[in-house]
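> The following block contains the structure, expressed as structure tokens.
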Amino acid sequence: ATSFNDNRPASFTSIGDVTMQLQRGGVYEPSALNLLPGLYDTYFRADSIPNRGALSPLVIQSQNGDSSTTGIGSDSYGFTIFRTNNVTIQNLYFGQKTSYPNYNGMTLGWNSQNITVKNCRFKRLFNADPGSTYTDATNIFISASWLGQTGFTDSNYIIKNNFIEGGYRGISTFAQTPNVLISKNTLLNQGGFGIDLQVQKSAVSDSNTIS
């Protein structure tokens, strides 16, 4: 399903295998995780990946650069990054198989810094009010805290040039996440909010199209 290309190339048969390797072995040089073409019914969770900060950025992307044919198509939480720094996610698809409401396409936060999401496609089939919490049925959810916890130091998120369709919320931020740039995204057919900035410390929304 994936190949992990750096100075020590490796291939993996599943996304679960590569996320386990990332969390055990860390990223200590500039690296790329390339997803081979296909829509994977799985949950990508990166939590506390050891790294060397700006010296070891990680790019997660489609191998063919096509955000319509490669990515995560799951009714669970599709993609999560917690407590991990210096990650770029690009040219990937994050969708749903059915219209189950109570999951996000992408969840970011909980002590993560320097995260960029660009040139991706998101699609949630459920766009009515989920009637539960602010986190549900959101395409991209960013939060500096989780489940009411405090003391996190998230900062520097860039969300740009993405196509985001459906969901109750297109992009949602919460819990005073500092330095968030939301720019040049296209948001279509959200049932509630295209961009929803809650309890926000500093955010810039620029040149987005919402319809």
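> Is there any pair linking a residue in segment 52-72 that is surrounded by 19 or more Cβ atoms within 10 Å (Cβ to Cβ) to one that is assigned to a loop (DSSP other than H, G, I, E, B) and aliphatic (A, V, I, L, M), with Cβ under 7 Å and at least six apart or on different chains, and which?
Hits for this filter: Q61/L92; S62/L92; S67/L92; T70/L92; G71/L92.
> Given the condition closer than 27 Å to R52 by Cα, modelled with pLDDT of 90 or more and open to solvent by 20 Å² or more (accessible area, probe 1.4 Å), answer yes or no: does some residue in segment 197-204 qualify?
There is no residue in segment 197-204 that is closer than 27 Å to R52 by Cα, modelled with pLDDT of 90 or more and open to solvent by 20 Å² or more (accessible area, probe 1.4 Å).
> Answer yes if at least one residue in segment 26-43 is outside any loop (DSSP other than H, G, I, E, B), open to solvent by 10 Å² or more (accessible area, probe 1.4 Å), farther than 25 Å from N161 by Cβ and modelled with pLDDT of 80 or more, and no otherwise.
no
The values are calculated or read from the model by the stated rules, or taken from the named source; none is laboratory data. Note that the structure is predicted; figures quoted are calculated from it, not measured. Reconstructed Cβ throughout: ideal geometry from the backbone, glycine too, with neighbour counts over all protein chains shown. Accessible surface areas use protein heavy atoms only, side chains included; no ligands, DNA or RNA. Shrake-Rupley method; radii C 1.70, N 1.55, O 1.52, S 1.80 Å.
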